[in-house]
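Next up is a structure, given as structure tokens.
The values are calculated or read from the model by the stated rules, or taken from the named source; none is laboratory data. Here the structure is a predicted model, which means the values were calculated and not measured. Cβ placement follows ideal geometry from the backbone for every residue including glycine, while neighbour counts extend to all protein chains displayed.
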Amino acid sequence: MADAVLVAGGRERALRRLVGDLAGWWGRRPAVRTADVTVAHSSALRTTVFLVVGGELFTEGLMDVSMLPPAWQPYHFVWMALVVDACVAFTALTKRNPHRVTPSGELIVRAGLFDEITLPLTAVASVGREWVTAPGRGIRPVPGRDGSVVCTVAGTADLVVELAEPAELRRADGSSLTVRRLHLSADRPADAHRALAAAVRDA
């Protein structure tokens, strides 16, 4: 049986990772080692977040100048700053943590904002293109498809990683899933497919 391990940090680890990614984002430090093969993801979701937050700030600004009493405006400014901070944090977490293949032969699939699945490339039988969706976010099974697990921040998946053998996937809450296929998203599915398939062939 292949060994697929979910690495899910607790609250302390999540906070440390968030602070590190924010610092790296503002400092423009490289997110990953140059030797890693990386697959960017969640760009469509980031665009949606930007549009929603932009519309929210525009509406909040109009409300601030036309409706709120002056005594409330400082608190409203704090609220708007928190919204912007949350948007920047989401961007840093998703943009600075791509799926990647390491020189040591591991495939690290980013699943959700903080979780990731690590498995050896030798446990992967093939990489293909397949569009699937499942309700929720993070790691979740595909309804009606035994052994298929979606690993996305939210929304749909574009690629499927077929395992050579079923694997037990241990989740942060202590539960486990039997996994045969990992579905993940990519900003450029065709390029990601070629890169991952080549890495699997060379393993």
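Take the residues in the range 60-87 that are at pLDDT 90 or above and of a type in the set (Val, Ile, Thr), then tell me which one is farthest from THR38 (Cα to Cα).
VAL78
Conditions first: (1) in contact with a Gly (Cβ under 9 Å, 6 or more places away or on another chain); (2) modelled with pLDDT under 80; (3) surrounded by 11 or more Cβ atoms within 10 Å (Cβ to Cβ); (4) not β-branched (Val, Ile, Thr). SER42 passes all but one, so which condition is the exception?
The number of the failed condition is (2).
Okay, next question. Could you check how many residues of the range 121-142 are among the small types (Gly, Ala, Ser) and either more than 22 Å from VAL37 (Cβ to Cβ) or in a loop (DSSP other than H, G, I, E, B) (or both)?
Residues flagged as among the small types (Gly, Ala, Ser) and either more than 22 Å from VAL37 (Cβ to Cβ) or in a loop (DSSP other than H, G, I, E, B) (or both) within the range 121-142 amount to 3.
Quick one: would you say ALA157 is outside any strand (DSSP E or B) and either of a type in the set (A, V, I, L, M, F, W, C) or surrounded by 15 or more Cβ atoms within 10 Å (Cβ to Cβ) (or both)?
In short, no.
Just to be sure before I move on: is SER104 closer than 19 Å to GLU165 by Cβ, out of contact with any Leu (no Cβ under 8 Å at 6 or more places or on another chain) and either of a type in the set (S, T, N, Q) or surrounded by 18 or more Cβ atoms within 10 Å (Cβ to Cβ) (or both) in the structure I sent?
no
Related question: Looking at the range 40-57, is at least one residue over 29 Å from CYS151 (Cα atoms) and aromatic (Phe, Trp, Tyr)?
no
Select from the range 101-115 the residues that are farther than 16 Å from LEU196 by Cα and assigned to a strand (DSSP E or B) and list them in ascending order. If you could, list the steps in order and put the result at the bottom.
From the range 101-115, those farther than 16 Å from LEU196 by Cα are 111-115; that's our starting set.
Matches in the range 101-115: ALA111, ASP115.
Could you identify the single residue in LEU169, LEU177, LEU163 that is farther than 15 Å from LEU45 by Cα, touching a residue at least 60 places away in the same chain (Cβ under 8 Å), part of a strand (DSSP E or B) and out of contact with any helix residue (DSSP H, G or I) (no Cβ under 9 Å at 6 or more places or on another chain)? Lay out the reasoning, then the answer.
Details: LEU177 fails: touching a residue at least 60 places away in the same chain (Cβ under 8 Å); LEU163 fails: out of contact with any helix residue (DSSP H, G or I) (no Cβ under 9 Å at 6 or more places or on another chain).
Going through LEU169, LEU177, LEU163 in turn, the sole match is LEU169.
Another question, then. Tell me which of these THR118 doesn't satisfy, since it passes every other one: (1) in a strand (DSSP E or B); (2) surrounded by 16 or more Cβ atoms within 10 Å (Cβ to Cβ).
Going through the list (1) in a strand (DSSP E or B); (2) surrounded by 16 or more Cβ atoms within 10 Å (Cβ to Cβ), THR118 breaks only (2).
Find the residue count for the range 138-158, including only residues that are touching a residue at least 40 places away in the same chain (Cβ under 8 Å) and more than 14 Å from ILE117 (Cβ to Cβ).
Of the residues in that region, 3 qualify.
OK, next. Filter the range 26-36 down to the residues that are surrounded by 10 or more Cβ atoms within 10 Å (Cβ to Cβ) and either at pLDDT 90 or above or over 20 Å from GLU116 (Cβ atoms) (or both) and list them by number.
Hit for the range 26-36 is TRP26, nothing else.
Of the conditions (1) out of contact with any Lys or Arg (no Cβ under 7 Å at 6 or more places or on another chain); (2) modelled with pLDDT under 90, GLY55 satisfies every one except a single condition; which number is it?
(2)
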